[in-house]
């Protein structure tokens, strides 16, 4: 703490980070400090089909109505559509719960929760959002505080509308420079993970800022915040600006708090990153932080490519992938799965001719859903297989066999691998230069 | 995951690190772990499987955040304790005081100080976990 900060603290005007301001408001407090435990009121509670289905029977046992049915959003995305009887049971459980408790915000197989919530206007700046999925951190891209919780905790939230939270310290990630062509938000995030590791932000908030983030599209910001949890973070967040406002236009209505971190807010750490010369990055098996620049992994044979998920399945991602795949055939050794993150994205891909590009190249195009990312359906890996995926986790066994290997990469790097049949520098592929 | 039944989860508990773990885990035993224990998804299957495998408490250098919450909510005590890995050997007998975070290594005659579990969370655990605690308040 510097002298100016000490002076302000003595005067009771201690400056706060964006996350501290949001949690102070949600807890009905003037200010909060990192390490304090507060009960925060929840603005939106999201359940996905599997971890929701585990919460619903326990909630039913309580015999009470939900605290506010308009603040609950239910999504069927992991079992979309179900491939096993067990999954079919989860879907039935979801549909019955929505009917019995009058949950109107219910999206059945229209895409992945983490795309639907921002896209449909449920995410507002300054809001507190919790979801039964660890990648609930995604919504911080719009200046909200959002984090993942377990099924049992969701029972509490459904009953009470609040949740205890330890106010996290904030790590500021200051990203500057112009991203080179074909280098994407995913590469930036993998680079950050290589610097701080899978526990580098444990219990903490990751606040992304700097010139690169200011110039970054909402799709890119969603990717950064999505993978905040891969560094162990409680949440990821980006301050609201013109890009946020333009994204929210025609989406979210009503009052919004456009909060920013104070200039002298206390950060537990400030990480500087210059991306002017950033190479495409790849996370090698079996950790999202086991990252190497593409040059070190070129030539690795690939059996499956997945372009999709809540990390890398947005419109910008498919535009980039289509740029590299257009007019070529997918390598005969590879199956390339294209799984849009939402029905709206799917429709735009149709309108823009991207689906045609992928179909002509020999890709497998699926309906919007989580797909094989979490090892649930539509493209699991067998023993000894290698997958390049635009998703967020490459833990052993996550996408199928424990003997399979997953490399995490940007949509550009994944598309290049699909064409070449091996890990390749996307800058070496026509369309990538 | 094809089942969420505790008994099924116990059988595959920690299998990626040690396939024999469920057989070697003595009922009422402790797990001593390193950094970022429980890293990953929101799934409560993780603490439930450990509990069903007979684990009484986990002491770790550091826990992943969602795991920490989920464990306490399902009544599996977790104590964060920097330096614990080098202070305990396999088979040591331990005594853990949750409210103070003190870990007594009876086999070695030493004491290690961990981070105490906050009072309101102990109250929740005494009630039998988050759901039982919630029922008390309705």
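None of the figures in this text is laboratory data; all of them are computed from the coordinates on show. Being a predicted model, the structure only gives us computed values, none of them experimental. Virtual Cβ from ideal backbone geometry, glycine too; neighbours counted across all protein chains shown.
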Would you work out if the range A:240-310 is rounded, prolate or oblate? Take a ≥ b ≥ c from the square roots of the eigenvalues of the alpha-carbon gyration tensor; rounded if a/c is under 1.5, else prolate when a/b is larger than b/c, oblate otherwise. oblate
What is the extension gain from residue B:111 to residue B:5, computed as 0.36 nm multiplied by their sequence separation minus the C-alpha to C-alpha distance, in nm to one decimal? 34.5 nm
Roughly how many whole Å is it from the C-alpha centroid of the range A:328-342 to that of the range B:1-73? 36
Quick one: grab the alpha carbon gyration tensor of the protein assembly as shown, order the square roots of its eigenvalues as a ≥ b ≥ c, and give me rounded if a/c is under 1.5, else prolate or oblate depending on whether a/b is larger than b/c. rounded
Among A:253, A:272, A:369, the residue with the largest mean-square fluctuation in a Gaussian network model of chain A built from Cα contacts under 10 Å is A:253
Counting other chain Cβ atoms within 10 Å of each Cβ in A:148-160 and taking the mean gives 6
Kirkwood-Stokes translational diffusion coefficient of chain B, alpha-carbon pairs, 20 °C, 1.002 mPa s, µm²/s: 139
Using the Cα atoms as the points, what is the convex hull volume per residue of the range A:287-329 in Å³? 126
If one builds a Gaussian network model of chain A from Cα atoms under 10 Å apart, the most fluctuating residue listed among A:195, A:350, A:380 is A:350
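Subtracting the Cα-Cα distance from 0.36 nm times the residue separation, let me have the gained length for residue B:135 to residue B:16 in nm, one decimal.
Details: separation 119, 0.36 × 119 = 42.84 nm, distance 3.66 nm.
39.2 nm is the gain from fully extending residue B:135 to residue B:16.
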Given the options B:83, B:114, B:28, state which has the largest fluctuation in a GNM of chain B using a 10 Å cut-off (strictly under) for Cα springs. B:28
Please report the projected area of the range A:9-278's Cα convex hull averaged over all directions, in nm². 14.9
Sequence-separation-based contact order of chain A, relative, with Cα cut under 8 Å and 6+ spacing, percent: 17
Please tell me the relative contact order of the range B:1-65 in percent, rounded to the nearest whole number, where contacts are Cα pairs under 8 Å and at least six residues apart. 43
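Hey, with R₀ at 35 Å, roughly what FRET efficiency would residue A:403 and residue B:89 work out to, going by the Cβ-Cβ distance, to 0.05? Display every interim value, and only then the final one.
Details: r = 32 Å, r/R0 = 0.92.
Using R0 = 35 Å, I get an efficiency of 0.60.
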If you average the alpha carbon positions of the range A:173-217 and of the range A:123-171, how far apart do those two centres end up, in angstrom? 21
Per residue Cα convex hull volume for the range A:281-428, in cubic angstrom? 86
